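J.: Below you'll find the structure I mean.
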Amino acid sequence: MIFYKSEFHEQSENNALPNKPVQDCLTDNPKLNISISNVVTNFSLKSHLNLRYLALNGHNIEYRRENGMLTMKLRKPNATATIWSSGKIACTGSTSETHAKIASRRFARIIQKLGYTNAKFSSYRIVNVLGSCSLPFPIKVIQFSEKYKTIAQYEPELHPGVTFKIKELKATLKIFSTGSITVTAPSVGNVYQAIEQIYPMVFPFRREKTAEDERVIRKLMTKKRNFTEIDENVSIYNSANSVTKRNCDGLAIGIVENNLENIIKQKYENDL
């Protein structure tokens, strides 16, 4: 059985390999946590947009004049839109198809409220979905790539993972020796099906975990946890100062500087 979830979970600590024959791998009911980390969508408003006007009157907007595009962000659901003057918009950062469509509609509604009443939400489609999964065992990627030479590519000088393509699902998989698999497909359902198809293929090439595998996994988990803490601190820090900024811009700048000094002092208090 495979459980589908849209959030990361830590890998199981059970490192023992199953003692059952390889041909029984489909009846072992493996439990895998499939995480959807990014859903990319495109849609059009069927209206020409003045990017400079949107940048001056909108919120959470970054205008990149040299690139001819505008970047707008949402917090709930978390998403980022890239807007062009032709009215075409690309939405990224969502963790599910439902959130991606909600975010896309909210971007369209925000632009409508800024004066483009004739803008219409149209031509919506999901372009790309990125998912990942961690298998409970490492993989012998060299032997795996040799077994499936026609559909698998392994170039360790260019990329540490095996590139595996499933034409029927239009899915591209990156298989790593640690047991991690990343999938790029046109829909969430195709991501799930791709992992279901690849599991019995990589199962015969499983191997026991080594000290190097444990070190790499701990390093990745620590890096991900640090980035999560930084994002949470930055969001709390920005929200706390945004209220003061509405009252007095000069006061907000002073508070930001004092807060930064306090944070630095607290972080390096033992070193002073």
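J.: Any idea of His99's accessible area? Nearest 10 Å², probe 1.4 Å.
T.: Counting only protein heavy atoms, His99 exposes about 80 Å² to solvent.
J.: What are the ³J(HN,Hα) values, in whole Hz, obtained from phi via the Karplus relation 6.51 cos²θ - 1.76 cosθ + 1.60 with θ = phi - 60°, for each residue of region 196-202 in sequence order, with x given for Gly and Pro?
T.: Taking θ as phi minus 60°, the curve returns 5, 6, 7, 4, x, 7, 8 Hz for region 196-202.
J.: Just reorder Leu135, Leu114, Leu130 by solvent-accessible area, largest first, 1.4 Å probe, all chains present.
T.: The most accessible residue leads, giving Leu130, Leu114, Leu135.
J.: Once amide H atoms are placed 1.01 Å from N in the peptide plane, what residues at a sequence separation of 5 or more from Gly179, or on another chain, have their amide H within under 5 Å of its amide H?
T.: Residues meeting the amide H criterion: Ile139.
J.: In debye, nearest 20: dipole of region 54-168 around its Cα centre with unit charges on the Cβ of K, R (+) and D, E (-)?
T.: Here region 54-168 has a charge dipole of around 620 debye.
J.: Determine ³J(HN,Hα), in whole Hz, for all residues of region 170-187 in sequence, where each value follows from phi through the Karplus function 6.51 cos²θ - 1.76 cosθ + 1.60 and θ = phi - 60°; x replaces Gly and Pro.
T.: Listing the rounded values in order: 6, 10, 10, 10, 10, 10, 10, 5, 6, x, 7, 10, 10, 10, 10, 8, x, 7 Hz.
J.: Could you compute Rg(Cα) / (2.2 N^0.38 Å) for region 154-213, with N its residue count?
T.: Computed over Cα atoms of region 154-213, the ratio equals 1.18.
J.: Mind scanning Lys31/Lys219; Lys46/Lys88; Lys140/Lys174; Lys73/Lys101; Lys147/Lys174; Lys76/Lys101 and naming the pairs with a C-alpha gap bigger than 19 Å?
T.: Pairs exceeding the cut-off: Lys31/Lys219.
J.: Which value, to two decimals, describes the C-alpha radius of gyration of region 63-196 once divided by 2.2 N^0.38 Å?
T.: Cα-based Rg divided by the globular estimate yields 1.35.
J.: In addition: Place a point 7 Å from Cα of Lys167 in the direction of its Cβ. Which residues in region 108-137 have their backbone N less than 18 Å from it?
T.: Output list for this probe position: empty.
J.: Also, quick follow-up: Picking from Ser134, Ser96, Ile111, whose Cα lies most toward the positive end of the charge dipole for region 74-152 (charges on Cβ: Lys, Arg +1; Asp, Glu -1)?
T.: So the residue we want is Ile111.
J.: Taking all protein chains together and a probe of 1.4 Å, list Lys147, Lys31, Lys140 from the most accessible to the least accessible.
T.: Lys31, Lys147, Lys140
The values are calculated or read from the model by the stated rules, or taken from the named source; none is laboratory data. Because the structure is a prediction, the values reported are computed rather than measured. Counting neighbours? That spans all protein chains shown, and the Cβs are built from the backbone with ideal geometry, glycine included. Just so you know, the surface numbers come from the protein's heavy atoms only, side chains and all, with ligands and any DNA or RNA stripped out. Shrake-Rupley method; radii C 1.70, N 1.55, O 1.52, S 1.80 Å.
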